[in-house]
């Protein structure tokens, strides 16, 4: 009986430690923005341009020591600006160690970035196909109502 209890406690400890590791780390996905006004768009290249054709989208993973650095293609994303409330989704930092941290994918495949509170993901600011992370207040007049979000579409 004591041996069964020890085995059960050990299995529970392993399960708890496994849960601490991001489930998405190292898995390949397409970074998709779902914009309520403009539809579903995928990150197509390192300049932040989008495409609605999944076959033309970059492959992305969560990398780095903490499994929280988003890389797409062979690049990572830079840091969210300390000034301003918008970040074009340009994956131009070649070194993963220099890339932004705080990326995660939840159990519903929604992509989150903890760089700032309440980050939204939207399409078409400045160009019809540019993809953006933003925290803009509604007072700017860019949005009225629901904002976009990001999803991991597993490959």
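The values are calculated or read from the model by the stated rules, or taken from the named source; none is laboratory data. From a predicted model like this one, the values you see are computed outputs, not experimental measurements. A quick note on method: Cβ atoms are made from the backbone with ideal geometry, for glycine too, and the neighbour counts reach across all protein chains shown.
Evaluate the following for residue 58: is it buried (at least 20 other Cβ atoms within 10 Å of the Cβ) and in contact (Cβ under 8 Å) with a residue 12 or more places away in the chain? So residue 58 fails the test.
Residue-level analysis places residue 61 among those that are assigned to a strand (DSSP E or B) and farther than 18 Å from residue 38 by Cα. Within the range 10-43, the residues that satisfy the criterion of being modelled with pLDDT of 95 or more and surrounded by 16 or more Cβ atoms within 10 Å (Cβ to Cβ) are 29, 30, 31, 32, 33, 34, 41, 42, 43. Evaluation of residue 64 against the conditions (1) out of contact with any helix residue (DSSP H, G or I) (no Cβ under 8 Å at 6 or more places or on another chain); (2) farther than 23 Å from residue 127 by Cα shows that the sole unmet condition is (1). Could you tell me whether the range 135-155 includes any residue that is without any contact (Cβ under 8 Å) to a residue 60 or more places away in the chain and under 20 Å from residue 29 (Cβ atoms)? No, that holds for no residue. Taken together, the criteria exclude residue 90 from residues that are surrounded by fewer than 14 Cβ atoms within 10 Å (Cβ to Cβ) and either part of a loop (DSSP other than H, G, I, E, B) or at positive phi (or both). Residue count for the range 67-81, restricted to those that are in contact (Cβ under 8 Å) with a residue 40 or more places away in the chain and either over 15 Å from residue 49 (Cα atoms) or surrounded by fewer than 15 Cβ atoms within 10 Å (Cβ to Cβ) (or both): 4.
Kindly establish whether residue 105 is within 18 Å of residue 35 (Cβ to Cβ), at pLDDT 90 or above and surrounded by 15 or more Cβ atoms within 10 Å (Cβ to Cβ). No; evaluated as a whole, the condition is false for this residue. Among the residues of the range 101-125, those that are assigned to a loop (DSSP other than H, G, I, E, B), without any contact (Cβ under 8 Å) to a residue 40 or more places away in the chain and either in contact with a strand residue (DSSP E or B) (Cβ under 8 Å, 6 or more places away or on another chain) or on the phi < 0 side of the Ramachandran plot (or both) comprise 101, 102, 106, 108, 114, 115, 116, 117, 119, 125.
Applying the set (1) within 16 Å of the chain's Cα centre (by Cα); (2) buried (at least 16 other Cβ atoms within 10 Å of the Cβ) to residue 136 leaves exactly one unmet item: (1).
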